[in-house]
1. Inside the range B:32-132, counting only helices (runs of 4 or more DSSP H) that do not spill past its ends, which hold 2 or more residues that are facing another protein chain (nearest Cβ under 10 Å)?
2. Restrict the check to the range B:18-26 and report whether at least one residue is touching a residue at least 12 places away in the same chain (Cβ under 8 Å), buried (at least 18 other Cβ atoms within 10 Å of the Cβ), of a type in the set (Asp, Glu) and in the same structural domain as B:Asn200 (by TED's automatic domain parsing).
3. Within the range A:169-181, count every residue that is facing chain B (nearest Cβ under 7 Å), touching a Gly at 6+ places or on another chain (Cβ under 9 Å) and touching a residue at least 40 places away in the same chain (Cβ under 8 Å).
4. Cβ-Cβ under 6 Å, sequence separation 6+ or interchain: first residue in the range A:265-279 and farther than 12 Å from A:Ile251 by Cβ, partner modelled with pLDDT under 85 and of a type in the set (Val, Ile, Thr). Which pairs?
5. What pairs come up if the first residue lies in the range A:139-168 and is within 14 Å of another protein chain (Cβ to nearest Cβ), the second is crowded, with 18+ Cβ neighbours inside 10 Å and in a loop (DSSP other than H, G, I, E, B), and their beta carbons are under 6 Å apart, counting only those six or more places apart or on different chains?
6. For A:Val130, only one of the following conditions fails: (1) outside any loop (DSSP other than H, G, I, E, B); (2) under 15 Å from the mean Cα position of the chain (by Cα). What is its number?
7. Looking at (1) surrounded by 22 or more Cβ atoms within 10 Å (Cβ to Cβ); (2) assigned by TED's automatic domain parsing to the domain that holds B:Ala179; (3) polar (S, T, N, Q), can you tell me which one B:Asn63 breaks?
8. Of the residues in the range A:3-50, how many are surrounded by fewer than 21 Cβ atoms within 10 Å (Cβ to Cβ) and either touching a strand residue (DSSP E or B) at 6+ places or on another chain (Cβ under 7 Å) or more than 30 Å from A:Leu135 (Cα to Cα) (or both)?
Amino acid sequence: MEIFLQQLLNALSLGGTYALLALGLAVVFSIIGLINFAHGELMTVTGYAVCFALIWGMPFPLAVIAGLGVAMTAALLMERVAFRPVRGASGTTLLLTSFAVSAILRVLFQNLISARPIPVSIPASLSGVVTIGPLHLGMIQLISIIVTLAMLLGLNLFLHRTIAGRAMRAAAEDFAVLRLMGLRANSVVATAFAISGLLAGVAGILWVAQRGSVDPLMGALPVLKAFIAAIIGGLGSLSGAVAGGFLLGFIEVILQAYLPESLLPYRDAFAILLVISVLLFRPQGLLARKTLVKL
Amino acid sequence: MTPSDEPLLTIEGLTVSYGPVEAVDGIDLTVKRGEIVTLLGANGAGKSSTLNALVGLAPRKANRLVFAGIDLLGLPPETIVRRGMTLVPEGRRVFASLTVEENLILGGAKHAKRGNPAAVKADMLARFPILAERLHQKAGLLSGGEQQMLAIGRALMSSPDLLLLDEPSLGLAPQVVDAIFDLIRDLRDQGLTILLVEQNVAQSLEIADRGYVLANGRIELQGSAAELRASPEIQNAYLGA
């Protein structure tokens, strides 16, 4: 039982990061039908921002704020420079554009910063272990669970209590009619990217805090996992993305814990197999939206 | 022509094409302040395309497209709506997963300058008691007639000068249709100007001041509602006399 509870906490921590990333993908997809594969590079750019902020002597909390600011700015720039010109184009065009953005950013990171991982000096206070009864939890894992829950709660309040949030939910349903309410298409899309950037930034900082380094390809794997999570949940569904993220985290942690050692190298293969079996029964995803109205 | 004679909406040579397909082929139309003007025609005649083009949701070309002295050509939908002309789209298109109240809030979100949102909302709920009752329900759970009321209410939240209505009676029970037509007449009596697209020719001509008949993207017939009701073309094609 204790071992199981311990694994559950691990799953919450990992799944929470996937959930934040999947949510970032879903927020943008639900509104403009773009699967943003450059989402991972938003994580990476946040990692570099925090890294350099610390190197330049900023205290950790300020570095975190700087990192989040850079993440949101980068997301807004991506939208303005790369995605706005192709808005309303076919899904394939949007997808290829996002691959291009991702590839360009990776090359820039490699050439302008470094192809090798740069260590990030995370404060020692964050590397401790918290003991709750029989359970041991890394400080960073605990923070990651709390931050994830706070982000989900905050986003939920934003979407249901503010005009901008309601406009985003309405835009996901029927963008053309939202414009008939006098709300500017560009501001709604920009809000979606800013939120997606914030979510990627938070996930990026949690990721870097656990690994202690940043490299140009850092965002690739987590965003692939987030994409899988978003698909499990039903692409475009926000609650689906969260559910998919936690489910994928849970599956990975349980497999890691209970697979026989000889099979451990195949952990991801088993995880994907489980995902495939979920999709065999619910090809539209667990919490799919009924229809998707494009711009 | 004195300024007060200037129509609220002037359309000259409006063309709407989707690729090679011309849905609307150079129509002229005017709507004067305080009128109900109805745009009639069969399915595919270009009625909805005309309304969508007016608010900038369909690709359009025109020699002149002027609303309340503003040139609409080149303006995006959000700007046109902020200037006081709005569209209740065909099929109602309420935001189904949002509550009735949230639909109304979004309708009035950007129009604080045009009227006090709280007062407009109170007025709306007095006009549609059923919406007041269902304020916190999801709009998707309303009946068709209630959704149509919500769609109209949501558009009225922007305190428009000109309301474009696209097939508001479509798919509704006869009693509800009567209520919708009564509502449109009330709105006109309270000073709103209305351009109404309908397939229900008989009832539209009853409440309208003037009308136009579209066929294959061109104006085939126009005149006062009484003239249209009496015309043999309308009698034969639409009223089944």
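1. Output list reads B:77-82, B:100-108.
2. No, that holds for no residue.
3. Residues in the range A:169-181 being facing chain B (nearest Cβ under 7 Å), touching a Gly at 6+ places or on another chain (Cβ under 9 Å) and touching a residue at least 40 places away in the same chain (Cβ under 8 Å): 0 in total.
4. Partner pairs satisfying both residue conditions: none exist.
5. Note: pairs meeting the criteria are A:Ile163/B:Ala109; A:Ala167/A:Leu183.
6. Only one criterion is unmet by A:Val130, namely (2).
7. (1)
8. Counting residues in the range A:3-50 that are surrounded by fewer than 21 Cβ atoms within 10 Å (Cβ to Cβ) and either touching a strand residue (DSSP E or B) at 6+ places or on another chain (Cβ under 7 Å) or more than 30 Å from A:Leu135 (Cα to Cα) (or both) gives 4.
The values are calculated or read from the model by the stated rules, or taken from the named source; none is laboratory data. Everything numeric here is computed off the predicted structure, so don't read it as measured data. A quick note on method: Cβ atoms are made from the backbone with ideal geometry, for glycine too, and the neighbour counts reach across all protein chains shown.
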